[in-house]
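The values are calculated or read from the model by the stated rules, or taken from the named source; none is laboratory data. None of these values were measured; they are calculated from a predicted model. FYI the Cβ positions are ideal-geometry reconstructions off the backbone, even for glycines, and counts take in every protein chain you see.
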Amino acid sequence: MGKRWIVLPVVLAALLVALRWSQAQSEPFHVSGFLEADEIRVGSRVGGRVAQVHVDEGSQVAAGDVLVELEPFDLSERRAEQAARVAALEARLAELVAGPRRQEIEAARARRDAARAALSLAELDEARTRSLVAESIRAKEALDRDVAVLESTRANLRAAEEALGLLEEGTRQETLAAARAELEAARAALAAMERQIEELRVRAPAAAVVEACELEPGDLVAANAPIVSLRDARELRVRAYVPQDRLTFTVDAPAEVSVDAFPGRRFRARVDFVAPQAEFTPNNVQTSEERSDVVVRVRLTLEEGQDVLRPGVAADVWFE
């Protein structure tokens with residue numbers, strides 16, 4: 001009996017010491033927040049009728065993967081027509097750069113010589129007729145006809161000489177500039193059609209998860225309208241609000257994140273943003289401590305867990 005009275009005070013003292021020690025141990029500071037990720041909404045600049053849908057909700061896609069294809073309608077035919085026009089303009093420009101061929105110059109010289117011969121004959125006829133009219137042998141109407149023929153042959157000779165001069169001089173720079181400008185305009189129009197045809201394939205701009213895609217072949221989609229919603233799979237973040245009196249850390253500070261789906265497991269994170277200005281506590285933010293009237297918004301980037309965590313889930317952020 002005496003031994004019991006000796007042991008009992010020792011046990012009570014040990015329990016009291018343990019209770020006081022446990023009360024002295026404070027739980028690490030933490031706040032609640034929400035997981036979030038960048039949402040990417042993709043679509044087509046041209047719009048049209050859906051030909052094929054290559055993904056479903058939840059599909060993992062890589063950058064450049066085709067999500068949806070639209071029917072080309074008449075774009076393929078228009079592109080072929082424009083490509084043929086570009087080829088014709090390129091050939092025409094090549095001819096102008098090369099200049100006239102020897103056969104063309106020789107033919108122009110022959111036309112000039114013929115015009116000179118015709119002028120000589122017309123001058124002789126006009127002089128003969130003028131003499132006969134002066135002697136009253138021919139009527140004045142005959143002279144008028146010969147004068148008209150003479151003026152016509154002179155004009156023909158001037159035109160033939162100018163044409164030969166242009167060929168011998170070569171292609172003028174103004175003509176080359178105009179041909180080059182026309183070709184560049186045609187090439188630009190062809191490139192625009194190529195981009196339109198490329199827009200018929202809606203691609204993923206980055207590695208992501210398909211969040212929403214409610215399309216079927218035959219559906220009509222508008223130009224410049226989002227048709228598939230993606231979640232960027234490369235980065236997952238946590239948005240949280242810290243009471244101003246507990247803001248003892250800065251950007252790049254380490255932290256840990258826990259969610260209800262994985263009890264006992266914490267994911268490494270790092271602070272990448274601290275709002276420069278405090279604000280009143282949002283209604284949907286709760287912490288394990290008494291809520292403060294003024295908080296500071298912070299954002300953390302998860303360094304692990306992107307394969308199992310999902311945006312929109314409530315999370316606790318634990319600071320060292």
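Within the range 223-238, the only residue that satisfies the criterion of being at negative phi, within 18 Å of the chain's Cα centre (by Cα) and assigned to a loop (DSSP other than H, G, I, E, B) is Ala223. Scanning the range 261-315 for residues that are at pLDDT 85 or above, more than 17 Å from Arg239 (Cβ to Cβ) and either touching a Cys at 6+ places or on another chain (Cβ under 6 Å) or not in a strand (DSSP E or B) (or both) returns Ala261, Phe262, Pro263, Gly264, Arg265, Arg266, Glu304, Val308. Taking the range 239-248 as the range and being outside any loop (DSSP other than H, G, I, E, B) and not basic (Lys, Arg) as the test, the residues that pass are Ala240, Tyr241, Val242, Pro243, Gln244, Asp245. Report, by residue number, each residue of the range 191-236 that is of a type in the set (Val, Ile, Thr) and over 28 Å from Arg268 (Cβ atoms). Selection gives Ile197, Val202, Val221, Ile227, Val228. Scan the range 256-274 residue by residue and report those that are closer than 19 Å to Ala314 by Cβ and acidic (Asp, Glu). Answer for the range 256-274, where residues must be closer than 19 Å to Ala314 by Cβ and acidic (Asp, Glu): Glu256, Asp260. Whenever a residue of the range 308-320 is touching a residue at least 60 places away in the same chain (Cβ under 8 Å) and closer than 17 Å to Asp272 by Cα, its partners that are among the hydroxyl-bearing types (Ser, Thr, Tyr) and surrounded by 13 or more Cβ atoms within 10 Å (Cβ to Cβ), lying with C-beta atoms within less than 6 angstrom and at least six residues away or across chains, give the pairs Asp316/Ser32; Asp316/Ser258.
Note on the range 203-219: residues that are touching a residue at least 40 places away in the same chain (Cβ under 8 Å) and farther than 13 Å from Arg49 by Cβ total 11. Find the residue count for the range 100-130, including only residues that are of a type in the set (Lys, Arg) and under 18 Å from Ala148 (Cα atoms). So the count comes out to 3. Could you please let me know if Val251 is assigned to a loop (DSSP other than H, G, I, E, B) and either of a type outside the set (Lys, Arg) or not assigned by TED's automatic domain parsing to the domain that holds His54 (or both)? Against the criterion (assigned to a loop (DSSP other than H, G, I, E, B) and either of a type outside the set (Lys, Arg) or not assigned by TED's automatic domain parsing to the domain that holds His54 (or both)), Val251 qualifies.
Mind checking whether some residue in the range 39-49 is at pLDDT 55 or above, in contact with a Phe, Trp or Tyr (Cβ under 7 Å, 6 or more places away or on another chain) and not polar (S, T, N, Q)?
Yes, there is a match, as at least one residue in the range 39-49 is at pLDDT 55 or above, in contact with a Phe, Trp or Tyr (Cβ under 7 Å, 6 or more places away or on another chain) and not polar (S, T, N, Q).
Evaluation of Ala88 against the conditions (1) assigned to a strand (DSSP E or B); (2) of a type outside the set (Val, Ile, Thr); (3) surrounded by fewer than 17 Cβ atoms within 10 Å (Cβ to Cβ) shows that the sole unmet condition is (1). Reported count of residues in the range 151-197, each being in a helix (DSSP H, G or I) and under 18 Å from Arg109 (Cβ atoms), is 15. Do we find a residue being under 30 Å from Ile227 (Cβ atoms), touching an Asp or Glu at 6+ places or on another chain (Cβ under 9 Å), modelled with pLDDT of 90 or more and not hydrophobic (A, V, I, L, M, F, W, C) anywhere in the range 62-85? Scanning the range 62-85, I find at least one residue that is under 30 Å from Ile227 (Cβ atoms), touching an Asp or Glu at 6+ places or on another chain (Cβ under 9 Å), modelled with pLDDT of 90 or more and not hydrophobic (A, V, I, L, M, F, W, C), so the answer is yes.
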